[in-house]
1. Roll a 1.4 Å probe over the protein heavy atoms and report the accessible area of TRP180 in Å², nearest 10.
2. Computed FRET efficiency, Cβ-Cβ of LEU357 and GLN308, R0 22 Å: what is it to the nearest 0.05?
3. Residue separation times 0.36 nm, minus the C-alpha to C-alpha distance between ALA276 and VAL231: what's the value?
4. Is the stretch 69-150 best put as rounded, prolate or oblate by its Cα gyration tensor, with a ≥ b ≥ c the root eigenvalues, rounded for a/c under 1.5, and otherwise prolate when a/b is larger than b/c, oblate when not?
5. Probe 1.4 Å, all protein chains in place: accessible area of ASP183 in Å², nearest 10?
6. Give a residue-ordered list of calculated ³J(HN,Hα) values for the stretch 228-241 (Karplus: 6.51 cos²θ - 1.76 cosθ + 1.60, θ = phi - 60°; whole Hz; x for Gly, Pro).
7. Order LYS360, LYS191, most accessible first, counting only protein heavy atoms with a 1.4 angstrom probe.
8. Using 0.36 nm per residue of separation minus the Cα-Cα distance, give me the extension gain between ALA100 and LEU161 in nm, one decimal.
Amino acid sequence: MAVWEIVRNFVPKMEILGHTSTQLVLFLVLFGVTGVVPLIAALYLLLRRANAIAPGVTSPVRLRRWTAAFFGVSTLAHAWWLLFFILSGGQNSLGYLALAMLDCVLLFTTFAGMLLSMLQDRRRPVWPAVAAMTPFVLLMGAYMVFPGSQLIMFAVAYLVLVCVAFTGYMVFAIRQYERWLNDNYADLENKKVWLSQMLALSCMLLFVLYLFATEIVTLWLVHVIELVLTVLLLWRAETLPTLELPVQPQAQQPKAAPFTIDINQIEQELKENCVATQLYLQHDLTLSMLAQALGTNRTYLSLYFSRQNTTYNAYINMLRIQHFERLYREAVVAGRIFTAQQLAQESGYRSYSTFSLAFKQRMGQSAKDWMNAEGA
């Protein structure tokens with residue numbers, strides 16, 4: 001079959017008239033690239049044990065597997081649609097409907113598994129996403145048996161409803177995850193997932209755009225964005241560290257903790273074993289590690305911070321910023337040459353951007369403005 005005929009069969013949705021064969025061949029090349037890149041990324045995540053993108057990070061195995069599955073399904077979707085349009089191209093055939101249904105089910109399921117595995121506050125199951133797609137499959141199957149009915153409209157409407165419901169759930173789940181981070185971790189760099197989740201949720205938009213796209217410019221844009229998302233999702237799968245905290249047996253947790261917690265004792269322990277020893281300067285200090293250093297229970301310690309209307313993250317940042325202020329004043333008095341980046345690192349911050357955000361949240365102004373005001 002000539003290249004021109006293959007391309008014409010491959011892109012039946014586009015208005016072929018008005019576009020040159022060169023444009024369509026170039027689009028076919030782009031379509032192939034967007035199928036091969038996810039395949040390479042999937043093989044990398046499954047076969048390479050060491051982390052090439054972030055060597056110092058141990059990423060969650062569950063996230064790597066679900067991301068690889070999502071990439072693998074994306075590659076398969078490119079392959080079977082290419083073969084379908086080359087060999088058939090009939091948009092009104094049962095094969096077209098079957099592939100469209102398979103696309104929706106597999107992409108949504110692996111997509112949900114990938115997003116849920118980014119949230120490590122607890123292990124969220126993926127089976128509800130699979131169960132949610134069952135009515136869609138039944139509606140599509142009924143439409144194949146009884147074509148020409150309104151079943152296809154119900155199937156599409158139901159699919160949109162599932163996507164909207166899942167998006168709403170993810171917003172709620174991410175807020176839970178953010179609270180968990182603030183309650184357990186002092187360093188939040190590369191641990192938050194808002195940006196990654198928003199980027200991944202845009203995959204849904206890509207799917208909708210592709211369904212209704214009739215212009216070649218829109219199709220080009222969709223596939224270029226798909227490439228960018230593949231790279232960003234691979235980066236997220238590699239840079240998100242494993243954040244699993246040790247779970248204490250239920251029998252070891254105090255039953256009446258909210259009523260028996262000794263606030264004065266914990267405050268004293270914090271002064272002696274965290275403030276005096278400058279334990280807060282330790283990178284990646286967690287609530288569990290601090291509780292162990294105090295000789296107490298992380299449940300007690302978490303309740304203590306809750307009673308003080310603060311979070312563990314806010315407490316550690318308070319100590320670190322106070323340490324930064326002391327270092328700054330000592331350096332000024334001694335006439336030493338220094339930079340804000342150096343002082344931030346000496347105050348327990350691995351990243352200056354993390355320090356800047358924490359400083360502004362606590363002090364109400366940037367570190368540079370504060371130092372200028374102090375030096376005036």
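1. Counting only protein heavy atoms, the figure is 40 Å².
2. Efficiency, from the Cβ-Cβ distance: 0.50.
3. 11.7 nm
4. oblate
5. 60
6. 4, 5, 4, 5, 5, 5, 5, 4, 5, 5, 8, 9, 6, x
7. LYS360, LYS191
8. Length gained, ALA100 through LEU161: 20.2 nm.
The values are calculated or read from the model by the stated rules, or taken from the named source; none is laboratory data. Just so it is clear, the structure is predicted and the values come from calculations on it, not from any experiment. Neighbour counts run over all protein chains shown; Cβ positions are idealised from the backbone, glycine included. Accessible surface is based on the protein model in full, side chains and every heavy atom, while ligands, DNA and RNA are left aside. Shrake-Rupley method; radii C 1.70, N 1.55, O 1.52, S 1.80 Å.
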